[in-house]
1. Provide the percentage of antiparallel DSSP beta bridges, counting only those with both residues in the protein assembly as shown; round to the nearest 5.
2. For the range A:173-328, what's the relative contact order in percent, using C-alpha pairs closer than 8 Å and at least 6 residues apart?
3. Order of A:101-113, A:509-521 by packing, highest average Cβ count within 10 Å first?
4. In percent, how large is the relative contact order of chain B, given Cα pairs closer than 8 Å and 6 or more residues apart?
5. Taking chain B as the reference, fit the longest principal axis to its C-alpha atoms, fit the long axis of helix B:3-34 to the helix C-alpha atoms, and give the angle between the two in degrees, 0 to 90, nearest 10.
6. What distance in nm separates the simple spin-label points at A:Leu566 and B:Asn36, each placed 7 Å from Cα in the Cβ direction?
7. How long are the semi-axes of the equivalent ellipsoid of the range A:558-682, taking √(5λ) for every eigenvalue λ of the Cα gyration tensor, in whole Å from largest down?
8. For the range A:73-131, what number results from the quotient of the Cα radius of gyration and 2.2 N^0.38 Å?
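Only the coordinates and a few stated rules stand behind these numbers; no lab work does. No experiment lies behind these values; they were computed from the predicted model shown. Positions of Cβ are backbone-derived with ideal geometry, glycine not excepted, and every protein chain shown enters the neighbour counts.
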Amino acid sequence: MRQLPLISTGVFLDPTSWVHLDWILLVVAAWLLIGVAGVFALHRLALVARVLFPAGGAFGLLLFGVALSAILSSPEVAVLPFGLPGLPFHFRLDSLSAFFLMIIGGVAAGVSAFAAGYFRKGEGTPPGLLALEYHIFLASMVLVVLADDAYAFMVMWETMALSSFFLVTANHRIAEIQRAGYLYLLIAHVGALGILLCFGILQADTGDYTFANMRSQEILPDRASIAFLLALFGFGAKAGIVPLHVWLPEAHPAAPSPVSALMSGVMLKTAIYGLLRIIFDLLGTPVWWWSLVLLAFGLATALFGVVFAAVQVDMKRLLAYSSIENIGLLFTGIGLAVLFSTQGMPVMAALALTAVLYHVASHAFFKGLLFIGTGAVLHATLERNLGKLGGLIRSMPWVAWAMLIGVLASAGLPPFGGFVSEWLLLQSFLFSPDLPSSFLNMLIPVVAALIALVAALAGYTMVKFFGVIFLGQPREEKLAQAHDAGRWERAGMAWLVAGCIALGLFPVQFIALIDPVTQLLVGSGLAKTVGSSGWLLAPVAIERASYGPAIFLLGVAASFALAFLLVRLFYHGRVRRAAPWDCGFPWQNARMQDTAEGFGQPIRQIFEPFFRWERELPTAFDAEPRYRVSVTDPFWHWLYLPLAAAVERLARLIGLLQQGRIAVYLLYSFVTLITVLLVVEL
Amino acid sequence: MTWLGAFSQLLEIVLALLLAPLLGGWINQWRAWLQNRSAPGLLQPYRTLHKLFNKESVLAEHASPLFRGAPYIVFGCMALACAIVPTLSTDLPLSPAADAIALVGLLGVARVFISLAAMDVGTSFGTLGARREMLIGFLAEPALLMVLFSASLISNSTSLTTIVETLAHRELAIYPSLAFAGVAFTMVSLAENARVPVDNPATHLELTMIHEALILEYSGRHLALLEWAASLKLFAYSCIGLALFFPWGVAEAQAPLALLLAMPALVLKLAIGGALLALLETLSAKMRIFRAPEFLATAFLLAVIGMLVHILVRP
């Protein structure tokens, strides 16, 4: 073990002898330095935008490359003498952390490039300070994934929460954003308590909080189950599991778009990382009923998220709910992996886990892309409300076509990344009917059906999202003057688009890459079976299931091209432009198109019990008829408001103690003292 | 990949492209006969396509490239779908590229593109059609997937060729799950192909149309491609149904003679199926659009129950 990788023994001066961990710590140090530089250039936007953010992006790219090669190499450890005396930070880089580092680096590279063109003057927090918070946020996520003891983990976890809180409240003068930030911070901290208690159980009364110790401890199943539930609560709060999801649809729209992209694309994944680390690595052997808990919460979250996404009218809020849906799918996949690994089916567990990791990667890229895309739209139009957008494909073609790729990937359509993970997840359901218990066997088809329903609803939501923003006629006059994204913004989007396409077209190669991760967690991998079939993805055997995205794309493209050429060869390519036909109705205007509310109306009807909605309908005699419908999250009314009321009542009871007179307080001290003495005496 | 495999693949694509409009014409003829009308000729769909290809395409002033590209994409998706469903032979080189799930994904791509194209011009009917199409789709897609899964559970595979080979060899074995799946599949394919209880292919009545509203703004060759794609979709669905529930007569690998026999078998099965579809359409009345979700939810539940039944009665 190398104690001080960078500073000691001259290694620092000789980069040829650096291991992966050194390079990653270099990236962290560079991000921190860039952040500090931002403090010295608080209001110099040109410097921050043209130098600091691109430099941060370049280091993100470096992290991406280093982590990519680190997945396949053996674990590396380091101890850094930071923090309290006698409690150094332990860091460890294994294939699981390398996989998540790759995601962080890859998404950060694209988002930082976009951010270089995004931040403007006069939006609350000065740009230099934003650069500081942004880069601390990135660095803390890297260190969360690297941490190898509970102390380092919690410090980094809290740094991540705090830095992202400041980023969310960048426009801190708006009351709504203040509220969103407060809610986010509150739930982040309640969740952190859960994680802290979980570590308390994991160390098994040894007082040694390193992960190495936790790994070696054998915990009783009851205590392990408590630790699991605490971890589920803590990481679920960060990931946005129902009913702890309420902060997500508030915080994501409030934050500047690059920050939403990082939070949704990457930060939520650190919670997935934590859960995987604790369940499969630190806790040792999972108990089978944990999988039922994970499946139940995962499915409820996925269905809830997608149904709510379908009825949203704010574009960033829609994406936030869609993130909740994807997190639900990830939890479902983890539940399935736990189920299989407890039933002694390591290959099936590896299949489910591969689906989870694949979805982590593809969701990071497409959701990052969609969020920065909304940023570009927001800048061009100053509008987040879907009801006031429309027709932007003509004034912002770059953004529109990039977003189309993201939308297709998000809708889980072939040949993009989102489809591969859904395909793998459904495969792991289908190949499972060998479970020993008939109850579990009956459960599997129902769960598969729900997953299929969620995936199809995601398609509905994404058609609404893209169609209302980019297609049709502009719903407002000013939209015709919307300008396309700038150079930096385009570069950032192009990188993420490339990620979505690569994940879709090269599943075999990517699965071979993440094989060490599943080997580490469940002791089995798919690389052998998958690699044998070349361009075809066949996780178990080619006659059981196969999918070849490249051939697939080629097939569609070839028939596209052939149809195009043959039509021109045998007939003609003449085109005439005219006014839209619309059944001959001549008085068309933009307000006759479907609104976002209209598009969501069928979903509102079908899933009525899910919603709490208020509707004001005008009567026939209203002079100024107003139609208003608002759909709110039922969890506010069922859970949070009663909880807040209960806390308030309790606080009022405690408030009775506060009399405001010195004599009473002295009496309290006196009584306390007597009681303590009495207890000591006994 | 064998030469015979490549040949049967090519034969299947060409046959699908050529036969698909004929199937439409055949169904229309039966519909007319059953409704006591005089029928248009069997070749009428070809004449319509030829006429449309000859006409110039009129585009809305502000239509984007997405609008112009969508017909080709939809057509390409449907052609590929016809290529991967084993109708003549199970020795298809393209078939491993997409299994049952990818086939549903492929139909999903076509649906998303045609809906986006319908929203592109920004007319009231276009967006209305897009919304309704996606509404039908989000219920029909999982239902179709569950139907295919019922068959996958029997054959232990999602590969379409393996499914057909397994089902063709089930000597006297009875699968109750397939009965549920069969009913569900019929309901889904009626909805997906814009057939009578859900949509009416012969109407331009604004309040009820779904598929016609989607393609309202198209004309000339774009419309021709979309019409052709719609008939390919019907053809693909019929072939999926035949492959799942009547898989006899499909040639298996390395038998040129079987390929020769498979063709008349396919034509016969399609002819009977088409006549039955026309009968079904004539006997039922069109539902209100708001009833369609109920209809499809029933199909979805039936398919799920089919899967549960399969697991329950499994030895």
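1. For the protein assembly as shown, the DSSP antiparallel bridge percentage is about 70.
2. It rounds to 26 percent for the range A:173-328.
3. Ranking, from highest mean packing down: A:101-113, A:509-521.
4. Relative contact order, chain B: 31 percent.
5. 60
6. In this crude spin-label approximation the distance works out to 4.2 nm.
7. 72, 26, 13
8. Against the empirical 2.2 N^0.38 Å value, I get 1.68 for the range A:73-131.
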